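To start, the structure under review is shown below, and the notes come after it.
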Amino acid sequence: MMKLLRGIWRVLSGISRVITVMVPLVFVAIFVIAFSAGLSESQPEPLPDQAALLIAPAGPLVEDAPPVDPVSAFLNQNYDEPLLLNDLVRAIGWATEDERITALVLELENLAGPSTSQTIEISEAIQAFKSSGKPVIAMGDFYSQAHYLLASQADHILLHPEGGMFLEGFSVYRSYLRTFLEKIRVTMHVFRAGESKSAVEPYLRDDMSDNERAIVTRWLGGLWSAYTELAETGRQQPEGEMDRFIAAFPQRLADADNDLAETMMAAGWVDALADHEQMKTALAEWVGATDEEGNAELIGLSRYVDDVKADLTTRQEGLPLIAIVPVEGTLVPGQSEEGMAGSDTIAGYIDTALEADDLAAVVLRVNSPGGSVFASDLIRRKLAEVREKEIPVVVSMGTVAASGGYWIAAEADEIWALPTTLTGSIGAFSAFPTIEGIVEYIGVSVDGVGTSPLAGAASFNRGLSPEMASIVQALSYGAYDDFIELVANGRGMTDAEVRKIAEGIVWTGADAAEIGLVDQLGGLQAAVASAAALAGVEEWRTGRTRVPPSFESVLLQELSRSFGVASQPQGGWLEQLIASFRPMVKGLSSLRDPMHVYAQCLPCAPML
């Protein structure tokens, strides 16, 4: 037996040594091959004389690209490289004046989103494109409700005869945990400042409070009104037609012999039903240029953006810089991660901008429901350093800029928002669980001594003492008072005026402009132009700060492209199930404030 074991051990040791030697050699070989292939490649092919710009993003539209896991990038599994919203908007603007671009083609099935606010910014660029006389075509097998709002801005909408789309409206439903927590004997300690700070309601109730229902109904109704107005205008439908269509949808579907695609075409939401070959034929005619195979000549978005940016870099050299600093996701201390904006990362962005000799202004692009009070204030103080240097700071709000997202914006020289931006939610809270009920139920006793009345007063298995509870509540009140003060100072309002519109209430951008929380309504490009005006410059260039990708990420991504690593099938039921739990897991992992005090709008987060 011992001989057998020793033999097995020698075999395993040999395998280990082989792996130790071979793996580095394999990677070196792969690198050399890829590097050689790269050297052998010629300069990028020039763009064709005439072609359509193809908008076919896979993954989400974001303000800031999150760090990429190197291994996922190499294997290309379950990874969709996000597209910067600003790149998409600017590309459509460039294509408007570009004689090489004859049409705009939208294929949206793999796009995650977009939000209504994102669509508003994109639609403004599309309208300018259409005004140049060039056609916009949307084509797809299926349109989600989010996809359709963008598609509705096209001149022609094509839908597969066996495809469909579904319009239902907006909703906010949350899981309420009070009874569940009681049953499992978990005590959730909740402290809040701001009567309408509803982030903690699910721990205290089994249903939505009347006050919260009224607030959500107001801002959700505002978002839906903006959606229907934009879609109806794009399709030249009468006002209120979408609501009437949804209300009568079961009957309309029956009238079309239960054919979803026919129902949508009969109602005027799409122009034609076409299979893939018919789509190709129609597209070639609209584009007016074909490739060697007779299909419409198309230029991918990333290729087009790279081409135009290379030309702009040369032409705009020496112009004053308007730095765009993106803030994307829940605010947390430390470094940024996927879905989270780290205070250290954002501060680094701002420091990078300040290093530019020709910096004229900073535009903070905020798309965040807030988060850690500590992280929010670190970013606010870093922005104060910019203003102390007499450099204008303008905030451009995206889909959401609420709670901590507003904390960092309040003292800017100007605040711009879209009509559908969710903002405000001025309040603070703290929440954490203890399991003294479980401990008692299973018959475990906890006993001991402490050196002071507060020693061990906040214990996971003993609960919270009244003295410690009063301290935690005081911290929430203190953060709320600080929030009120900085808003009053930044917006030129009195303490009383701010408190009337605070209390954790969520406002749309349109409402926020009326009550003084926002200066102007408009997108990022308008905010950049305003920043340039504040800086006194007539011509400028923009630069967007970002985390430089690691060497490992760049290498493995390039290897993936070089060797054509295939992506794995996506969209299965297991992946969807896992995705449904992802927001909950991310929400828990973002609770990192050192004082456990948060300025965060949890109901706003799903709208991102």
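Read the figures in this text as sums done on the coordinates, not as results from a lab. Note that this is a predicted model, so its numbers are computed, not measured. Glycine gets a Cβ as well: all are built from the backbone with ideal geometry, and neighbour counts include every protein chain shown.
Taking a 28 Å limit on the Cα-Cα distance, which of the listed pairs LYS309/LYS389; LYS134/LYS309; LYS183/LYS500 fall beyond it?
LYS309/LYS389; LYS183/LYS500
How much length is gained on full extension from THR451 to ASP482, taking 0.36 nm per residue of separation minus their Cα-Cα distance?
Once the chain is fully extended between THR451 and ASP482, it gains 7.9 nm.
Please check which bits of segment 405-422 a label hung off ILE515 would reach, taking the label as a point 7 Å along Cα-to-C-beta and the cut-off as backbone N under 19 Å.
Counting only backbone N, you get 405-412, 415-422.
What order do you get for 295-304, 518-527 when each peptide is scored by the mean count of other beta carbon atoms within 10 Å, highest first?
So the peptides 295-304, 518-527, ranked by packing, come out 518-527, 295-304.
For ASP257 and VAL537, calculate 0.36 nm times their separation in residues minus their Cα-Cα distance, and state this gained length in nm to one decimal. Before the final figure, lay out each step's value.
Numbers: separation 280, 0.36 × 280 = 100.80 nm, distance 6.14 nm.
Full extension from ASP257 to VAL537 adds 94.7 nm.
Could you tell me what a quarter of the Cα convex hull surface of segment 324-413 works out to, in nm² with one decimal place?
Over every viewing direction, the Cα hull of segment 324-413 projects on average to 4.9 nm².
Search the structure for amide H atoms under 5 Å from the amide H of VAL518, placed 1.01 Å from N in the peptide plane, and list their residues when 5 or more places away or on another chain.
Answer set, sorted by chain and number: ALA513.
For the pair ARG303 and VAL172, what calculated FRET efficiency results from E = 1/(1 + (r/R0)^6), where r is the Cβ-Cβ distance and R0 = 35 Å, to the nearest 0.05?
E between VAL172 and ARG303, to the nearest 0.05, is 0.35.
Looking at segment 196-288, which GluC sites (Glu not before Pro) are in a loop (DSSP not H, G, I, E or B) and have at most 14 other Cβ atoms within 10 Å?
GLU239
How far apart, in nm, are the 7 Å Cα→Cβ label points at ARG387 and GLU467?
Taking the simple label geometry, ARG387 and GLU467 are separated by 4.0 nm.
In whole Å, how far is the Cα centre of segment 240-271 from that of segment 359-423?
So the separation of the two Cα centres works out to 43 Å.
Where does segment 218-324 land on the Kirkwood hydrodynamic radius, alpha-carbon pairs, in angstrom?
Over segment 218-324, the inverse of the mean reciprocal pair distance is 18.5 Å.
Would you please give the FRET efficiency between ARG185 and ASP207, computed as 1/(1 + (r/R0)^6) with r the Cβ-Cβ distance and R0 = 25 Å, to the nearest 0.05? Intermediate results must be reported in sequence, preceding the final value.
Details: r = 22 Å, r/R0 = 0.87.
Approximately 0.70, to the nearest 0.05.
Could you rank the peptides 200-209, 244-253, 308-317 by their average count of other C-beta atoms within 10 Å per residue, with the highest value first?
Highest mean packing first, the order is 200-209, 244-253, 308-317.
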